[in-house]
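First the structure, in the form of structure tokens, and then the observations on it.
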Amino acid sequence: MVIEYSVALILSSIISGLVAVIAWRRRSAPGATGLALAMFGMVIWASTYAIRWLQIEPSLQMRWLDLTYIGVVIAPTSFLIFTLQFTNRSYLLNYKTLILLTFEPLITLGLLFTDQFHGLFYAGHRTTGSILNGGIGFWIHIVYTYGVLLIALGLLIQMYYSSHNVFRKQTSVMVLGMLIPWIGNILGLIKLSPFPQLDLTPFMFTASGLIISFGLFRYHLMDIIPVARDRLVENMSDGVLVLDAQKRIVDINPAAWEILRFSKNPIGAVVDSILPFWTTIEKLSQINHESQIEYEMGDQSAQFLEVRFSTLVDRIDNVYGYLLIVRDIS
């Protein structure tokens, strides 16, 4: 069965790689980068696990089994990132959150690769088979993994109940895809797997990626929003600027370039350094989430602008960005 296990895992790795490439090509869409990262983790997990089954020497088997954990720690966190992006919560993924999300995976890898000095990860349970038992480091990782996947699942279920029509179908696919990896992992942990020495989790995560890919093509999960944005925003005669919570420009359409006469790419710039009317808007935004002003640009040729702005807030009124619509009314 060793060769059969390896072939199945290599096939799983190839499928995960294809899903990663598809998602990366759509990386401008909500959730695409998170999905690509998760599937990249699965490539590492499945391919190193396949090599483990091809080894005869026990020390090499354990070494390759250890290397699978690089993919193991990437996948759950990436699925949470994917879910945050897909459910329009990308504003939560600031640098502080990303550092926090990398903390547990790095600690887990550190404990695993230095276990011979302290025994906190394996605690004497190390074998050449699946890593399904261990010490405090192992069980902390299990709790973390189930915790982030539970949060991701909760966000998707919440989105399901707040959505309608095609978006509800989309979210149903995501919920199904998120549930599948739990099955293989739970079967292994409670020792009910039909293949006791084989960890089924990488197969389940790959199946999850396939289901999400089906949703991507069947319901256009990652195509609807970008296409609508390109058709509507890019061809508007009004200028559109999107700012993040730190008031940096994160998106701009061609009309805004022309109306505001930018000499260089403003993406990433803090808005008050390049838009002279921002101070006025900022004061109004503290009173109303939506308003508009008229402004005369102070250059040699008189130019009058109508600027409408909206403060983007979440359900508990936290600001996560701003939307500016600029029209030349000269």
On the given criteria, is L120 closer than 30 Å to P30 by Cβ and either open to solvent by 20 Å² or more (accessible area, probe 1.4 Å) or small (G, A, S) (or both)?
-> no
Looking at R63, R52, R89, R26, which one is surrounded by 17 or more Cβ atoms within 10 Å (Cβ to Cβ) and farther than 24 Å from L187 by Cβ?
-> R26
Determine if the range 247-258 includes at least one residue that is open to solvent by less than 80 Å² (accessible area, probe 1.4 Å), under 22 Å from the mean Cα position of the chain (by Cα), among the acidic types (D, E) and at pLDDT 75 or above.
-> yes
Considering only the range 77-109, state which residues are more than 8 Å from the chain's Cα centre (by Cα) and of a type in the set (V, I, T).
-> T77, T87, T97, I99, T102, I107, T108
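To keep it simple, each residue is scored yes or no on (1) open to solvent by 70 Å² or more (accessible area, probe 1.4 Å); (2) part of a helix (DSSP H, G or I); (3) at pLDDT 75 or above.
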position	(1), (2), (3)
Y144	no, yes, yes
G147	no, yes, yes
R168	yes, yes, no
G188	no, yes, no
S193	no, no, no
P196	yes, no, no
I211	no, yes, yes
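The values are calculated or read from the model by the stated rules, or taken from the named source; none is laboratory data. Because the structure is a prediction, the values reported are computed rather than measured. Glycine also receives a Cβ, built like all others from the backbone with ideal geometry; neighbour counts cover every protein chain displayed. Keep in mind that these areas ignore ligands, DNA and RNA; they rest on the heavy atoms of the full protein, side chains included. Shrake-Rupley method; radii C 1.70, N 1.55, O 1.52, S 1.80 Å.
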